[in-house]
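The values are calculated or read from the model by the stated rules, or taken from the named source; none is laboratory data. Computed from a predicted structure; not experimentally measured. Here Cβ is always computed from backbone atoms with ideal geometry, including for glycine, and neighbour counts include all displayed protein chains. SASA here: full protein model, heavy atoms, side chains in, ligands and nucleic acids out. Shrake-Rupley method; radii C 1.70, N 1.55, O 1.52, S 1.80 Å.
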Amino acid sequence: MSTATLSGTQPLTLTRKPTPKDGGWGSPVIYFISLAIIAVCLGPVLYVIMGGFRDNSQINNNPAALPNPFQFNQYAEVLKTGRFWRMAWNSTFIALITVVCVVVFGVCVAFVLARYKFRLRNGMYLLFAAGLMFPMTMAITPLYIMMTRIPGMAGTPWSVILPQVGFGLPQTVIILTPFLAAIPLEIEEAATVDGCSRLGFFTRMVIPLAVPGVITVAILTFVGSWNGYMLPLYMFSDQSQYTLPLGVAVFSSQYSSDTARILAYTSMSMIPALIFFSLFEKRIVGGLTGAVKG
Amino acid sequence: MGGGAKVPPPTARRAHKPGTSGWRANLEIGLLSGPAIIIFLTFVIAPVFVALYYSFYNWQGWGPARPDQYVGWGNYTWTLTNKFFWQAVGHNGFIMVVGLIMQGPLAVLVALLLNQKMRGRSLIRVLVFVPYVISEAIAGIGLRLMLRDDGAMNALLGTKISWLANPKIAIWTLMCILAWKYLGFAIILMLAGLQGIPEELSEAGAVDGATYWQIQWHIMLPLLKPTIKIWAFLSIIGSMQLFDLVYIIWGQYIAGIAGVSTMAWFMAGEGRLSGELGRGSAIAIIVFMISLFVAVVYQRFVLNRDTEGALTEPAKKAR
């Protein structure tokens with residue numbers, strides 16, 4: 001196994017011809033530094049996960065030790081409460097609807113920008129490009145005001161979903177437009193010759209060809225929504241609407257003395273994101289790479 | 001069968017050639033881009049104007065803003081003469097500059113190291129990225145418990161340091177937390193940039209007798225510049241909006257005393273969380289102007305050449 005095969009599993013690597021040098025292990029210094037970096041990166045995560053397996057007396061006696069013996073009570077109790085599942089469902093629902101809306105609307109706009117020629121096209125592209133400069137943090141107070149003014153909107157999941165869709169669109173459009181523009185003109189012409197309308201071309205050719213880009217965008221949007229804290233904090237006052245980050249934060253201040261349970265709660269809400277990430281790691285990393293290369 | 005069910009006559013075929021836009025093309029453009037543009041304008045652009053309107057009222061959110069609640073520039077002068085606001089602005093500036101200095105060179109260095117031939121590189125890349133994927137709020141809860149005076153960090157090091165409460169230390173704790181959270185992202189970007197550099201260049205350098213570090217310094221680093229600039233831009237925007245971690249770890253009241261308050265934290269505390277929505281809107285506008293100013297200055301003087309291509313090229317490529 002040479003490193004050529006290893007790098008073959010990474011997205012966007014230039015294809016490298018294996019040279020005799022490639023087979024080596026490299027200098028031990030690199031491994032040492034890598035290990036140190038990984039230890040720092042994973043330390044807090046492991047502390048949280050391991051802490052969930054200890055009870056409060058263990059934690060109070062020695063805050064930094066490993067579980068001895070392992071206690072499964074905390075995790076079991078978190079999983080038994082309806083509160084946890086309620087929040088997990090809220091987070092999932094909001095993230096999924098956000099992703100669907102961002103992808104559907106984003107692909108449509110990107111298709112228009114990439115495949116139609118019209119007077120306002122450059123203006124439209126710049127509008128979305130400028131959207132990248134609008135951080136959501138700054139818009140959050142007026143968004144809250146707007147939501148309280150729209151009847152039947154305040155405190156519902158939609159008051160979080162719609163702003164997330166709005167703020168998710170610029171990144172989606174900027175990533176997908178070059179993607180769709182790169183589909184060769186010849187394919188479109190061939191489709192036309194075969195009697196396919198432009199919308200038919202869109203549904204039958206563009207959407208299948210855009211799938212890799214769409215997956216990247218979808219994952220970025222999903223993780224962003226899943227991790228969101230400030231928007232739910234502003235929008236939700238009713239506990240039954242809380243998403244995981246907000247709910248766990250509230251829980252941790254309500255039961256601040258019950259460290260073990262907080263840690264169990266925290267790791268239970270961390271683990272879905274970690275599993276999701278490990279499943280789609282290549283897509284996320286590859287997507288960021290693509291986004292930067294613009 | 002969708003829109004392609006009817007076979008268009010030969011003339012229609014030519015009608016949708018690039019460059020022509022009949023009523024049908026216009027209808028398609030409208031239908032496809034309409035929903036996105038409406039949502040974007042409503043939830044991204046309109047809030048700026050909503051904030052602008054309410055920023056002139058002493059308004060707590062009940063009913064419409066009444067004429068007797070009009071305070072003119074009152075909310076703005078209140079904010080701009082508030083010393084806690086300027087403290088927060090100072091912290092944001094500090095976080096921005098120190099964040100760049102701390103994370104930039106470190107990320108480049110690690111990326112250069114990881115760019116060498118070694119085993120398990122893709123695994124390392126995944127693990128380095130883990131902190132970035134975890135929610136700020138969730139990570140913040142864990143870190144807060146870890147860094148307590150009687151927490152795991154002090155137990156591990158055998159020290160008795162107030163990582164969070166001591167105003168002299170807290171801001172550096174925050175800087176380390178930010179580095180922990182976002183360094184992985186920076187490393188991934190730099191690695192991506194490095195992998196875009198053709199290997200022939202460093203090989204040519206090696207043939208000419210350059211040492212490993214000479215190659216990195218004289219060949220790789222200059223070619224990595226565009227990536228570094230874009231990372232720095234993202235990092236600057238991020239430090240302007242910093243809220244979740246500070247609010248979770250230090251809370252609504254302590255962050256100011258510990259010397260880690262940020263503009264967004266000030267905005268949330270004085271606006272929504274104390275029910276002063278008019279004032280919150282004014283702070284939002286001020287913070288927005290500051291961020292926009294910083295972003296535009298950066299775009300104008302640093303990013304200029306690189307984004308020009310990035311932002312206009314796809315549009316040009318599209319017909």
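For the stretch A:129-147, a tally of residues being farther than 16 Å from B:Tyr53 by Cβ and within 7 Å of chain B (Cβ to nearest Cβ) returns 6. Taken as a whole, the condition of being in contact (Cβ under 8 Å) with a residue 60 or more places away in the chain, part of a loop (DSSP other than H, G, I, E, B) and either in contact with a helix residue (DSSP H, G or I) (Cβ under 9 Å, 6 or more places away or on another chain) or of a type in the set (Asp, Glu) (or both) does not apply to A:Ala114. Could you tell me which of the residues B:Leu201, B:Leu164, B:Leu194 is over 20 Å from the mean Cα position of the chain (by Cα) and more than 23 Å from B:Leu100 (Cα to Cα)? Every option except B:Leu201 fails the conditions. Scanning the stretch B:265-305 for residues that are among the polar types (S, T, N, Q) and open to solvent by less than 20 Å² (accessible area, probe 1.4 Å) yields B:Ser281, B:Ser291. For B:Thr262, the criteria (1) within 25 Å of A:Gln254 (Cα to Cα); (2) open to solvent by 50 Å² or more (accessible area, probe 1.4 Å); (3) of a type in the set (S, T, N, Q) hold in every case but one, which is (2). For B:Gln252, the criteria (1) within 30 Å of B:Ala295 (Cβ to Cβ); (2) in a helix (DSSP H, G or I); (3) in contact (Cβ under 8 Å) with a residue 24 or more places away in the chain hold in every case but one, which is (3). Can you pull out the residues in the stretch A:86-114 that are crowded, with 24+ Cβ neighbours inside 10 Å, over 15 Å from the mean Cα position of the chain (by Cα) and more than 18 Å from A:Pro212 (Cβ to Cβ)? Within the stretch A:86-114, A:Met87, A:Phe105, A:Val109, A:Val112, A:Leu113 qualify. When the stretch B:34-58 is limited to residues that are within 7 Å of another protein chain (Cβ to nearest Cβ) and of a type in the set (Phe, Trp, Tyr), the one that is least open to solvent (accessible area, probe 1.4 Å) turns out to be B:Phe40.
Within the set A:Phe32, A:Phe53, the sole residue that is aromatic (Phe, Trp, Tyr), open to solvent by 60 Å² or more (accessible area, probe 1.4 Å) and more than 9 Å from chain B (Cβ to nearest Cβ) turns out to be A:Phe32.
Is it the case that A:Leu199 is open to solvent by less than 20 Å² (accessible area, probe 1.4 Å) and over 28 Å from A:Asn90 (Cβ atoms)? Explain how you work it out, then say what you get.
Values: open to solvent by less than 20 Å² (accessible area, probe 1.4 Å): no; over 28 Å from A:Asn90 (Cβ atoms): yes.
Taking the combined requirement at face value, the residue does not satisfy it.
If you take the residues of the stretch A:204-248 that are among the small types (Gly, Ala, Ser) and open to solvent by 10 Å² or more (accessible area, probe 1.4 Å), which of them is nearest to B:Phe243 (Cα to Cα)? Let's see the steps before the verdict.
Of all residues in the stretch A:204-248, those among the small types (Gly, Ala, Ser) come to A:210, A:213, A:218, A:224-225, A:228, A:237, A:240, A:247.
Cutting the leftovers down to open to solvent by 10 Å² or more (accessible area, probe 1.4 Å) gives us A:218, A:224-225, A:228, A:237, A:240.
Working: A:Ala218: 25, A:Gly224: 15, A:Ser225: 16, A:Gly228: 11, A:Ser237: 19, A:Ser240: 24 Å.
Per the criteria, the residue is A:Gly228.
Just wondering, is there one or more residues in the stretch B:237-258 that are on the phi > 0 side of the Ramachandran plot, more than 10 Å from chain A (Cβ to nearest Cβ) and more than 21 Å from the chain's Cα centre (by Cα)? No, that holds for no residue.
Against the test of being assigned to a helix (DSSP H, G or I), open to solvent by 80 Å² or more (accessible area, probe 1.4 Å), modelled with pLDDT under 80 and charged (D, E, K, R), the options A:Lys17, A:Lys21 yield a single qualifying residue, A:Lys21.
Restricting attention to the stretch A:161-193, and to residues there that are within 26 Å of the chain's Cα centre (by Cα) and open to solvent by 50 Å² or more (accessible area, probe 1.4 Å), which single residue is modelled with the highest pLDDT?
To start, the set of residues in the stretch A:161-193 that are within 26 Å of the chain's Cα centre (by Cα) comprises A:161-182.
Still in the running and open to solvent by 50 Å² or more (accessible area, probe 1.4 Å): A:171, A:179, A:182.
On the way: A:Gln171: 82, A:Phe179: 76, A:Ala182: 75.
Looking at residues that are within 26 Å of the chain's Cα centre (by Cα) and open to solvent by 50 Å² or more (accessible area, probe 1.4 Å), I get A:Gln171.
Evaluate the stretch A:67-88: report whether one residue or more is at pLDDT 80 or above, within 30 Å of A:Leu169 (Cβ to Cβ) and within 11 Å of chain B (Cβ to nearest Cβ). No, that holds for no residue.
Candidates are the residues of the stretch B:204-224 that are touching a residue at least 60 places away in the same chain (Cβ under 8 Å) and under 30 Å from B:Gly93 (Cβ atoms); the one that is nearest to the chain's Cα centre (by Cα) is B:Leu224. Taking only the stretch A:231-256 into account, find how many residues are farther than 17 Å from A:Trp158 by Cβ and either part of a helix (DSSP H, G or I) or facing chain B (nearest Cβ under 10 Å) (or both). Qualifying residue count for the region: 12.
Residues checked against (1) under 25 Å from A:Glu188 (Cβ atoms); (2) among the polar types (S, T, N, Q):
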site	(1), (2)
A:Ser91	no, yes
A:Leu96	no, no
A:Leu126	yes, no
A:Gly131	no, no
A:Thr137	no, yes
A:Pro151	no, no
A:Leu169	yes, no
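If you filter the stretch B:133-169 down to residues that are more than 25 Å from A:Asn62 (Cα to Cα) and more than 9 Å from chain A (Cβ to nearest Cβ), you find that the one that is most open to solvent (accessible area, probe 1.4 Å) is B:Lys168. The one condition from (1) over 16 Å from A:Leu35 (Cβ atoms); (2) buried (at least 18 other Cβ atoms within 10 Å of the Cβ) that B:Val98 does not meet is (2).
Since B:Arg66 meets every condition but one in (1) outside the structural domain of B:Val287 (by TED's automatic domain parsing); (2) modelled with pLDDT of 80 or more; (3) open to solvent by 30 Å² or more (accessible area, probe 1.4 Å), which condition does it not meet? It is condition (2) that B:Arg66 fails.
Would you please list the contacts, defined by Cβ atoms under 7 Å and residues six or more apart or on different chains, that run from a residue in the stretch A:40-51 that is closer than 18 Å to A:Arg261 by Cβ to a residue that is crowded, with 17+ Cβ neighbours inside 10 Å and among the polar types (S, T, N, Q)? From residues that are closer than 18 Å to A:Arg261 by Cβ, the pairs are A:Val48/A:Thr266; A:Val48/A:Ser267; A:Ile49/A:Ser267. When residues in the stretch A:131-160 are screened for being farther than 15 Å from B:Ile38 by Cβ, in a helix (DSSP H, G or I) and either open to solvent by less than 30 Å² (accessible area, probe 1.4 Å) or touching a residue at least 40 places away in the same chain (Cβ under 8 Å) (or both), 13 of them pass.
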